[in-house]
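**Student:** Before I ask anything, here is the structure I am working with.
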Amino acid sequence: MDTKAYISNYIEETVKVANGLPQDQIEKAVEILRDVKAKEGRLFILGVGGSAANASHAVNDFRKIGGIETYAPTDNVSELTARTNDEGWDTTFTEWLKTSHINDRDAVMVFSVGGGSETTSQNIVAALKLAKEKGAGIISLVSRNGGYSKQVSDACVLIPVVDEGRITPHAEGFQGIVWHLIVNAL
């Protein structure tokens, strides 16, 4: 495919993804975060890979624009790598959330392409189990079939798959679009 055709195709796919976003789930996410804010709870944003970079950016927006105390465990690379080395990757987020005393006034927001499963993103899966146990709200911005995140979320924004070869760029790109929408709706 030549460059011009590729660009045109990608933009057409982007429009399809935007038109397929579940607006009712975005509305639920806004309601959950308004409740967190009213209760003076905290928002913990979890992501790995490119989604970790998105989580870091989103922390700024939810704090500065949304007025919610917000954190991403991946922003503290020293703690993240120490926990990975000493305790294992699978527990990096749960142990961080335990130290933060996650509770029922808080929410967890997951940025993930696949949402976690028995074989992928086990630290996200474990963190969601802990969040459920503690009564925290769960919001996920995921793609594919949503994985474990979709199963346990109070609001799941499932980013549509329009091309199998471009799931990750569309998913990670739309995480930004959706969180910006949410934070500005607060």
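Bear in mind these aren't lab numbers, they're just calculated from the coordinates by the rules spelled out. Quick caveat, the model's predicted, so the values are computed rather than measured. FYI the Cβ positions are ideal-geometry reconstructions off the backbone, even for glycines, and counts take in every protein chain you see.
**Student:** Compare the peptides 44-50, 7-13 by average per-residue count of other Cβ atoms within 10 angstrom and give them in order, highest first. Walk me through the intermediate numbers first.
**Tutor:** Details: 44-50: 22.6, 7-13: 12.6.
Result, highest mean first: 44-50, 7-13.
**Student:** Going down the table (Lys64/Lys129; Lys98/Lys129; Lys64/Lys150; Lys28/Lys98), which pairs top 22 Å between alpha carbons?
**Tutor:** Lys64/Lys129; Lys64/Lys150; Lys28/Lys98, as the Cα separations exceed 22 Å there.
**Student:** Between Lys132 and Ile65, what is the spin-label point distance in nm, taking each point 7 Å from the Cα along the Cα→C-beta axis?
**Tutor:** Roughly 3.1 nm, to one decimal.
**Student:** Most mobile of Ala52, Ala38, Ala18 per a Gaussian network model of the chain (Cα springs, under 10 Å)?
**Tutor:** Of Ala52, Ala38, Ala18, the Gaussian network model singles out Ala38 as fluctuating most.
**Student:** Relative contact order of the chain: what whole-number percent is it, with Cα pairs under 8 angstrom and at least 6 residues apart? Don't skip to the answer; put the middle values down first.
**Tutor:** Working: 329 pairs, mean separation 47.5, N = 186.
With pairs under 8 Å counted, the relative contact order is 26 percent.
**Student:** So how do Trp89, Trp96 line up by other beta-carbon neighbours within 10 Å, fewest first?
**Tutor:** Placing the least packed residue first, the sequence is Trp89, Trp96.
**Student:** How far apart, in nm, are two points set 7 Å out from the Cα along the Cα-to-Cβ line at Asp35 and at Thr99?
**Tutor:** Result: 2.9 nm between the two label points.
**Student:** Now for a separate question. Taking Cα atoms, how many degrees apart are the long axis of helix 77-87 and the longest axis of the chain, rounded to 10 and kept between 0 and 90?
**Tutor:** The two axes meet at around 70 degrees.
**Student:** Taking the Cα centre of the chain as origin, sum charge times position over the Cβ atoms of Lys and Arg (+1) and Asp and Glu (-1), and report the length of that vector in debye to the nearest 20.
**Tutor:** In total the dipole reaches around 320 debye.
**Student:** Another question, then. What angle do you read, to the nearest 10 degrees and between 0 and 90, between the alpha-carbon axis of helix 23-38 and the longest principal axis of the chain?
**Tutor:** Approximately 30 degrees, to the nearest ten.
**Student:** Here is a further query. Starting with the fewest neighbours, write out Met109, Met1 ranked by other beta-carbon atoms found within 10 Å of each beta-carbon.
**Tutor:** Met1, Met109
**Student:** What shape does the range 73-123 have by the C-alpha gyration tensor, where a ≥ b ≥ c are the square roots of the eigenvalues, rounded means a/c under 1.5, and otherwise prolate means a/b greater than b/c and oblate the rest?
**Tutor:** Values: a/c = 1.70, a/b = 1.01, b/c = 1.69.
Oblate, since a/c reaches 1.5 and b/c is not below a/b.
**Student:** Excluding Trp89 itself, calculate the net charge of residues whose Cβ lies under 14 Å from the Cβ of Trp89, where each Lys or Arg counts +1 and each Asp or Glu counts -1.
**Tutor:** Working: positive: Arg83; negative: Glu79, Asp86, Glu87, Asp90, Glu95.
Every neighbour counted, the sum reads -4.
**Student:** Once the Cα atoms of helix 50-64 and of the chain are each reduced to a long axis, what angle between those two axes, in degrees from 0 to 90 to the nearest 10, is obtained?
**Tutor:** 70
**Student:** Charges on Cβ only, +1 for Lys and Arg, -1 for Asp and Glu, centred on the Cα centroid of the chain; of Val48, Asn103, Val161, which one is farthest towards the dipole's positive end?
**Tutor:** Asn103
**Student:** Let me ask something additional. So if R0 is 22 Å, what FRET efficiency would Glu12 and Thr168 give, r being the distance between their Cβ atoms, rounded to the nearest 0.05? If you can, show how the numbers build up before the last one.
**Tutor:** On the way: r = 18 Å, r/R0 = 0.82.
Rounded to the nearest 0.05, the efficiency is 0.75.
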